[in-house]
Amino acid sequence: MQSYIVNGGERIEGSISSSGSKNSSLPILAATILNKGITKLKNVPNIHDTKIMFEIMELLGCKVECNKNEVIIDSRVINNYEIPDELMRQMRSSVILAGAILSRTKKAIFSYPGGCDIGARPIDLHIKAYKSLGIDIKEENGEILCDSLNMEDGTITLDFPSVGATENIILAATLSNKVVNIKNAAMEPEIVDLQNFINKLGGCVSGAGTNNIKIIGRNEIETNMEYEIMPDRIEIGTLLCSAAITNGNINIKNVKVEHILPVVYKLEEMGCSIKLKDNEINLMAKNKLKACNLKTMPHPGFPTDMQPILSSVLGIAKGTSIIVENIFENRYKYLSELKRMGAKATIEGKAAIIKGIKRYNPAKVEATDLRGGAALVLAALNAKGKTIISNIGYILRGYENLDEKLRKLGANIYVKEGEIIEKEKREWFRFLLFK
């Protein structure tokens, strides 16, 4: 088990470029399966989740070649339509492969996905949508078996604007030769990026970025093309918050400003000075930050992925902040670890009440999920002294070289490889003694 060792108290200052979007690259990687050709993707983040996606794609028959942040996928031959359970359990986003496989092969077998334990996140919306389009669904021994040979035209009204369900429906319909409409669709920028990619392939998707999306299905797509993944708005928000929590000054390049405005508005409300350019953003935090209230909502509201990160900053803001989490019911797990660092926070149902302290204390803490782990890193940057953050595999799932980027900006942070715990040492010694 790897850990971050952070010697906090240093200001985050300097210039950095953002990575490609995790939440955009995963559905677009899935969408390459639609193409009976060769796809070149640029700006793909080198993170654990994309590596898992590559593994699954290779098992399906794709040939994947990686060169730093460029990936070439040869999906001319797809000879498997089953996603292995052990890989599904490692990553929630693996479920979006089901739509792409179903579109390409008309069959798909998968199990319930894993990922961060931040809430139920059921895939019932995906299954319900499939059934409403005439896709045959069976569940056997924990597996979900899908057959789309009798898929029909249809209009799907989502009970909730789920990003994953919206993406899965788009992918399943792209090669269906049917017309599918999605109402109450998710409007996130990542949906727009997926639409742009599919249309460049030769598909026909319209309406992304609104709550009404239309897909006119094709019979097949065969082309050689390249596409660049959009910047990661959550990583950008995290880096902005790293400067805010350390009274720093940061300039970030490769930014789509319109994607991060909800975060910008909150940081300005807290007292940060922010300057925006076409594809750059600068944040300066000279004064004591002020408390503010925060409510997560589907896009264009404040993103749930940024809630733990901004809440970590609010932990040292002057005054009391009230956070309301409307998307994931278990998203506050990180607060118990922040309390080890001195945070004053209480949870009442969907709300968290945070009373600002002067500074975090160094401590030994554990990442409980991806964004909660990033929140701990920010708190550690603020604390004067040595903080150890264990279980950082969660953080590595979604941030590309986070420690390297923070070091470039002045932080004292490094990765420490895990050690065998005492119980394991005793068992190993007993094995050597009695074998």
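Tell me, which residue of segment 314-345 that is β-branched (Val, Ile, Thr) and under 19 Å from MET297 (Cα atoms) is farthest from the chain's Cα centre (by Cα)? Break it down stepwise before answering.
Restricting attention to segment 314-345, the residues satisfying the condition of being β-branched (Val, Ile, Thr) are 316, 320, 322-324, 327.
Restricting the remaining residues to those that are under 19 Å from MET297 (Cα atoms) gives 322-324, 327.
On the way: ILE322: 24, ILE323: 21, VAL324: 20, ILE327: 14 Å.
Among those residues, the one meeting the criterion is ILE322.
When you look at ILE137, is it of a type in the set (Val, Ile, Thr), under 30 Å from THR368 (Cα atoms) and at pLDDT below 95, yes or no? Spell out the reasoning first.
Details: of a type in the set (Val, Ile, Thr): yes; under 30 Å from THR368 (Cα atoms): no; at pLDDT below 95: yes.
Against the criterion (of a type in the set (Val, Ile, Thr), under 30 Å from THR368 (Cα atoms) and at pLDDT below 95), ILE137 does not qualify.
For segment 217-226, the condition of being modelled with pLDDT of 95 or more, surrounded by 14 or more Cβ atoms within 10 Å (Cβ to Cβ) and out of contact with any helix residue (DSSP H, G or I) (no Cβ under 7 Å at 6 or more places or on another chain) holds for none of the residues.
Residues in segment 56-97 that are of a type in the set (Lys, Arg) and under 24 Å from VAL163 (Cβ atoms): 2 in all. Hey, any hits in segment 288-295 for a residue that's more than 18 Å from GLY271 (Cα to Cα) and within 16 Å of the chain's Cα centre (by Cα)? No: zero hits.
Being within 12 Å of ALA352 (Cβ to Cβ) and of a type in the set (S, T, N, Q) is the filter here, so list the residues in segment 299-325 that pass it.
Kept after step one, since they are within 12 Å of ALA352 (Cβ to Cβ), are these residues of segment 299-325: 307-308, 310-312, 314-315, 320-325.
Listed by number, the residues that qualify are GLN307, SER311, SER312, THR320, SER321.
What number of residues within segment 1-19 satisfy the criterion of being among the aliphatic types (A, V, I, L, M), in contact with a Leu (Cβ under 7 Å, 6 or more places away or on another chain) and more than 27 Å from ILE229 (Cα to Cα)?
Pass one, segment 1-19, residues among the aliphatic types (A, V, I, L, M): 1, 5-6, 12, 16.
Remaining after also requiring in contact with a Leu (Cβ under 7 Å, 6 or more places away or on another chain): 6, 12, 16.
From what's left, more than 27 Å from ILE229 (Cα to Cα): 6.
Of the residues in segment 1-19, 1 are among the aliphatic types (A, V, I, L, M), in contact with a Leu (Cβ under 7 Å, 6 or more places away or on another chain) and more than 27 Å from ILE229 (Cα to Cα).
Applying the set (1) of a type in the set (A, V, I, L, M); (2) in contact with a strand residue (DSSP E or B) (Cβ under 7 Å, 6 or more places away or on another chain); (3) closer than 28 Å to GLY373 by Cβ to ALA186 leaves exactly one unmet item: (2). Return the pairs, sorted by first residue and then second, in which the second residue is part of a strand (DSSP E or B) and open to solvent by 10 Å² or more (accessible area, probe 1.4 Å), the first residue lies in segment 315-343 and is under 16 Å from ASN293 (Cβ atoms) and of a type in the set (Lys, Arg), the beta carbons are less than 9 Å apart, and the residues are 6+ apart or on different chains. Qualifying pairs under 9 Å: LYS318/LYS290. Each residue in segment 120-138 was checked for being surrounded by fewer than 17 Cβ atoms within 10 Å (Cβ to Cβ) and either more than 28 Å from the chain's Cα centre (by Cα) or not acidic (Asp, Glu) (or both), and 9 pass.
Listed here are the strands (runs of 3 or more DSSP E) enclosed by segment 290-404 that have at least 2 residues being open to solvent by 40 Å² or more (accessible area, probe 1.4 Å) and over 22 Å from VAL263 (Cα atoms): 344-348, 364-366, 385-390. State whether one or more residues within segment 198-213 are open to solvent by 10 Å² or more (accessible area, probe 1.4 Å), farther than 26 Å from ILE169 by Cβ and not basic (Lys, Arg). Scanning segment 198-213, I find no residue that is open to solvent by 10 Å² or more (accessible area, probe 1.4 Å), farther than 26 Å from ILE169 by Cβ and not basic (Lys, Arg), so the answer is no.
The values are calculated or read from the model by the stated rules, or taken from the named source; none is laboratory data. Because the structure is predicted, anything quoted here is derived from the model rather than measured. Cβ sites come from the backbone with ideal geometry, for glycine too, and all protein chains shown count toward neighbours. Please note that ligands, DNA and RNA were not included when accessible areas were found on the heavy atoms of the full protein model with its side chains. Shrake-Rupley method; radii C 1.70, N 1.55, O 1.52, S 1.80 Å.
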